[in-house]
Amino acid sequence: MNEGKQQELLAEGRGRTILSSRGHCNTGGRHVQPFSFVPRTHIPHLISSTLATSLAVASLLLLSGCTSAKVRMGWKVYLDRTPIASIQASLPKGPGIAPGEKSPLVAALTEPDGTVLVTEGQGRGKVLWKDLEVTAVVVTANQKGIVILPRDPRVSDGKVAHVTITVPSHPDIRAELDIPLRYNYNFTSNFSGSGGPSGILIASVVNRDLESSQGKRLSEVATEQNKDPLDALFDFIQADKGLTSALYFIASEEDLQTGLRLPWTSIGLDINEMSLDGPLFEAHTHPRGYGSMARFLGHYVGDLQLMPLEQAIRKITSLPAQREHLINRGLIKEGFFADVTIFDPATIADRATYTQPAQLSEGVKYVLVNGQLEYENGHLTGAQAGKPLKGQGAK
C-alpha cells in the first residue's frame, strides 16, 4: 500500500478517535495531525472497537467518490454546533429485508471538510439516533436505528418500504432510502403462484365450526364473509389454529404432459391410504388419493394417447419398484409377489373431483395383494393381505 493510501489510527482529546487516510476525496477531506498519542497497549482495543463501524460506512464513501476519508467516532457530537454538509443511509446487512426481519440502519453524516460522523444501528457512534428524526413507510424504525418489517404479508404486499432521515438542527439535510422487500418464498409460491385466492381450495379443517368451508375456494370464503381475501385467509388460519389442509393449483398441464411423455419418468403417490368410511374418512382430501392411476390410464393414455399402454403400465409398476429397490415386486413373473390389478382399458376412468374427491374409479375389476383377492367388482372382499414394505436400509 503506497503513502497516499495508508490509514492511521489517531487519538484526539478524551478518547475520541479519528480514522483518516492520506489521499484524494472530492468532499474536501484532509489529513489531520494528532496532538496526543495512544499508548501501544491500547492500540489493539481501539482498532477492534472502530473496525466494525469503519467497514459499515466504507460502501457509502466509495459511492460518494472518496478514495479516503476521516471517520470520527467516540464521544458524542452535538449536531447543533457541528456543520453538516450531507447525510447518507444504508442497510449494512444487505439490500433488502424479509417479513419479520430486523436490520440495523446506518447513517453517515459528512462535515464540510469531509469528516464522516457515524451512527450505528445499536446507537453507538459519534451521532446518537435520538438526535435524528426517522420516518418510515411499510417498515418501522425504533430509537436505536433498527428497522423492522412486520411478519404479516398484508402489511407489505405490493408496497415499497421507505425510510427518511432528517437532522432537526439542519432542516435542509435529509437522507432517503428505499428498502427492497424480500418476500417469504413459501408464501409467494403457494399464494401468488397458485393465482391468488381462486387457486386455493380448503380441503379439511380441525375446527368443526369451519367445516362448511371445506371444499370451497378461498375466493368463495372471502366473498361470503365480505372480507379482503388476505384478511379472510389469516382469520381462517387463526380460527383453525394453523391446522387447515389446503390444495394449491400451481401445476401446469403442459408441463405435466411433457413429464409423462419422458420414458424415464415413473409415477407414485404422495398421499396416505384412504378410508372409505368411519372416523378416518376424509370427505375433502385430494382426489389423487382415489383416482390418480385411473386418470393416468384413462385420460392421458386412453384419451390423449401420450404413450402406448405397455409403456404406461411400466411407469406405474416395474419402474417405480426398481427405483425403490422393492425386491420381487412390480412384474408378473415366477417367484414374484402377486400384486395384480385387472382393469378394462376401454372403461378405466377416474371419478374423483376436487369438490367430491371420495369417489372410486371405474373400470377396475379385480385387485390382488400378495396373491389374495382384496377387491372385486366395486367391493372389498374382507381379505387383508397387505404388509409394510421395508427398504434396503432397514435392519
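The values are calculated or read from the model by the stated rules, or taken from the named source; none is laboratory data. Everything numeric in this text was worked out from a predicted model, so none of it was measured. With ideal geometry, Cβ positions are generated from the backbone for all residues, glycine too; neighbour counts draw on all protein chains shown.
Hey, among the residues in the range 240-282 that are among the hydroxyl-bearing types (S, T, Y) and out of contact with any helix residue (DSSP H, G or I) (no Cβ under 8 Å at 6 or more places or on another chain), which one's surrounded by the most Cβ atoms within 10 Å (Cβ to Cβ)? Looking at the filtered set, the residue picked out is S245. Selection of the range 210-224 for residues being over 9 Å from P197 (Cβ atoms) and either buried (at least 16 other Cβ atoms within 10 Å of the Cβ) or charged (D, E, K, R) (or both) yields L210, E211, S213, Q214, G215, K216, E224. Answer yes or no as to whether S198 is at pLDDT 90 or above and touching a helix residue (DSSP H, G or I) at 6+ places or on another chain (Cβ under 6 Å). Taking the combined requirement at face value, the residue does not satisfy it. Scanning the range 359-367 finds one or more residues that are part of a strand (DSSP E or B), among the basic types (K, R) and free of Cβ contacts under 8 Å to residues at least 60 places away in the same chain. Restricting to the range 235-254, and then to whatever is among the small types (G, A, S) and without any contact (Cβ under 8 Å) to a residue 12 or more places away in the chain, can you tell me which residue is nearest to V221 (Cα to Cα)? Selected residue: G242.
Once the range 283-321 is narrowed to residues that are aliphatic (A, V, I, L, M) and under 16 Å from F343 (Cα atoms), the residue that is surrounded by the most Cβ atoms within 10 Å (Cβ to Cβ) is L297.
Considering E374, E362, the condition of being under 28 Å from I327 (Cβ atoms) and buried (at least 16 other Cβ atoms within 10 Å of the Cβ) is satisfied by E374 alone. Restricting the range 225-239 to residues that are under 14 Å from D209 (Cα atoms) and under 23 Å from the mean Cα position of the chain (by Cα), the residue that is surrounded by the most Cβ atoms within 10 Å (Cβ to Cβ) is F236. P357 falls short on exactly one of the conditions (1) farther than 24 Å from G278 by Cα; (2) surrounded by 18 or more Cβ atoms within 10 Å (Cβ to Cβ), and that condition is (1). Beta carbons closer than 6 Å, at least 6 apart along the sequence or on distinct chains, pair a first residue in the range 217-234 that is assigned to a helix (DSSP H, G or I) with a second that is surrounded by fewer than 16 Cβ atoms within 10 Å (Cβ to Cβ) for S219/S198; L230/R154; A232/Q225.
For residues in the range 324-352 being within 18 Å of G302 (Cα to Cα) and not aliphatic (A, V, I, L, M), which is surrounded by the most Cβ atoms within 10 Å (Cβ to Cβ)? Only one residue tops the list, namely D350. Does A338 satisfy being assigned to a loop (DSSP other than H, G, I, E, B) and either farther than 24 Å from Q359 by Cβ or in the same structural domain as G378 (by TED's automatic domain parsing) (or both)? The answer is yes for A338. When Q311, Q305, Q257, Q322 are checked against the criterion of being free of Cβ contacts under 8 Å to residues at least 60 places away in the same chain and part of a loop (DSSP other than H, G, I, E, B), a single residue qualifies: Q305.
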